[in-house]
Structure formats: C-alpha cells, structure tokens
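Student: Just passing along the structure, written as structure tokens.
Bear in mind these aren't lab numbers, they're just calculated from the coordinates by the rules spelled out. What you see is a predicted model; the values in this text were computed from it and never measured. With ideal geometry, Cβ positions are generated from the backbone for all residues, glycine too; neighbour counts draw on all protein chains shown.
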Amino acid sequence: MPAAASAAIAPREVFERLSLALVAGTTATDADLWAEDVVVETPFAPPGRPRRIEGRSAFLAFAGPSARALPVRFDECRPRAVHDTADPEVIVVEYELAGTVTTTGRRARASFVGVLRARGGRVAEWREYQDTAAMAAALGGHPS
C-alpha cells in the first residue's frame, strides 16, 4: 500500500482489516497488516504462551504455527463497541469472535477487548484481553 495512502488510514479502518483477516484466517500470515516494529500483548495469556511479542517477524513466526495448531475456524468478528481515545492513533474495541471447532463441529463465541494503535495503515500495537474461560470451554477444556 502506498505510504501516502496508508498514512491516512484511521485505527477503525485498520481494525476492520484485522477483523476481515481473522475471519479469512490470514492474521498470522498477512505481513502487510502488521508494522515492522509491532508489539503484540496478551496480558491474560494462558501458561506457556507469550504475553508480549515484539516485531513483525517474531509475531508472524509465533502466530503462524499457533494459528495452524488451533482447531478453530473463525466465522465472524463482530465489534460490540469501538471507543476513540485522546490519542488519534488508538482505539479500544470490544468485540466478539464466533467460530467453529473444526474437530467437533461445535460453534462457540468468546468476547474480547483490544487496544489498537495504528500507524501508517498498519497495526503498531495490539493488546488483547481474552475471555480465556470461554475459549477453553469451546475447545472442551477448562481454564487454568
């Protein structure tokens, strides 16, 4: 994407691209979605999962195998609310992911809150607060 065009892309539009990539299953492979120096944080990640990843190459190296191992196909990403902040690069998004567990055919939903910083038309920072209990239940497990 041309630099002049990407500079004008607002965080809401970047979240829309992120949402479409989640449903398409390409968030872990779409390098153009993520800034080179992106920081991805999941403060409530389950044990054994990183809570912070720095840099696009490190994120893609982690996210690709992680996404392939997750037996879920995301069918819908539905924003519940998008909150602007005093910083024009940052929004807070409450959203819900709906998907199908590919090993069982079970459909499930989980709620999330994301804090997104967009810069140059890409995700520069992404902090995601996950409903780990709902995710574990959907996969037939129990939260740790």
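Student: Residues of region 59-78 being more than 20 Å from Glu125 (Cα to Cα), touching a strand residue (DSSP E or B) at 6+ places or on another chain (Cβ under 7 Å) and not in a strand (DSSP E or B), which ones?
Tutor: Scanning region 59-78 gives a single hit, Pro71.
Student: Report yes if some residue within region 64-72 is in contact with an Asp or Glu (Cβ under 9 Å, 6 or more places away or on another chain) and either without any contact (Cβ under 8 Å) to a residue 24 or more places away in the chain or surrounded by 16 or more Cβ atoms within 10 Å (Cβ to Cβ) (or both); otherwise report no.
Tutor: no
Student: Hey, can you tell me all the residues within region 21-40 that are in contact (Cβ under 8 Å) with a residue 60 or more places away in the chain and either farther than 15 Å from Ser66 by Cβ or of a type in the set (Val, Ile, Thr) (or both)?
Tutor: Within region 21-40, Asp32, Leu33, Ala35, Asp37, Val38, Val39, Val40 meet the criteria.
Student: A follow-up question, please. Could you say whether any residue in region 53-63 is within 30 Å of Arg106 (Cβ to Cβ) and in contact (Cβ under 8 Å) with a residue 40 or more places away in the chain?
Tutor: For region 53-63, residues within 30 Å of Arg106 (Cβ to Cβ) and in contact (Cβ under 8 Å) with a residue 40 or more places away in the chain: absent.
Student: Here is a follow-up. I'm trying to understand the selection: among the residues of region 107-123, which are assigned to a strand (DSSP E or B) and buried (at least 16 other Cβ atoms within 10 Å of the Cβ)?
Tutor: Listed by number, the residues that qualify are Ala108, Ala110, Phe112, Val113, Gly114, Val115, Leu116, Arg117, Ala118, Arg119, Arg122, Val123.
Student: Here is a further query. Considering only residues that are surrounded by 13 or more Cβ atoms within 10 Å (Cβ to Cβ), without any contact (Cβ under 8 Å) to a residue 60 or more places away in the chain and not in a loop (DSSP other than H, G, I, E, B), which ones fall in region 79-106?
Tutor: Val92, Glu94, Glu96, Ala98, Gly99, Thr100, Val101 - these are the residues of region 79-106 that are surrounded by 13 or more Cβ atoms within 10 Å (Cβ to Cβ), without any contact (Cβ under 8 Å) to a residue 60 or more places away in the chain and not in a loop (DSSP other than H, G, I, E, B).
Student: Also, I was wondering about something else. Count, please, the residues in region 8-31 that happen to be of a type in the set (A, V, I, L, M), closer than 16 Å to Arg119 by Cβ, more than 12 Å from the chain's Cα centre (by Cα) and assigned to a helix (DSSP H, G or I).
Tutor: Here the count works out to 1.
Student: Determine whether Phe15 is hydrophobic (A, V, I, L, M, F, W, C) and in contact with a helix residue (DSSP H, G or I) (Cβ under 9 Å, 6 or more places away or on another chain).
Tutor: no
Student: Looking at Pro46, is it part of a loop (DSSP other than H, G, I, E, B) and more than 15 Å from the chain's Cα centre (by Cα)?
Tutor: Values: part of a loop (DSSP other than H, G, I, E, B): yes; more than 15 Å from the chain's Cα centre (by Cα): yes.
Criteria met by Pro46.
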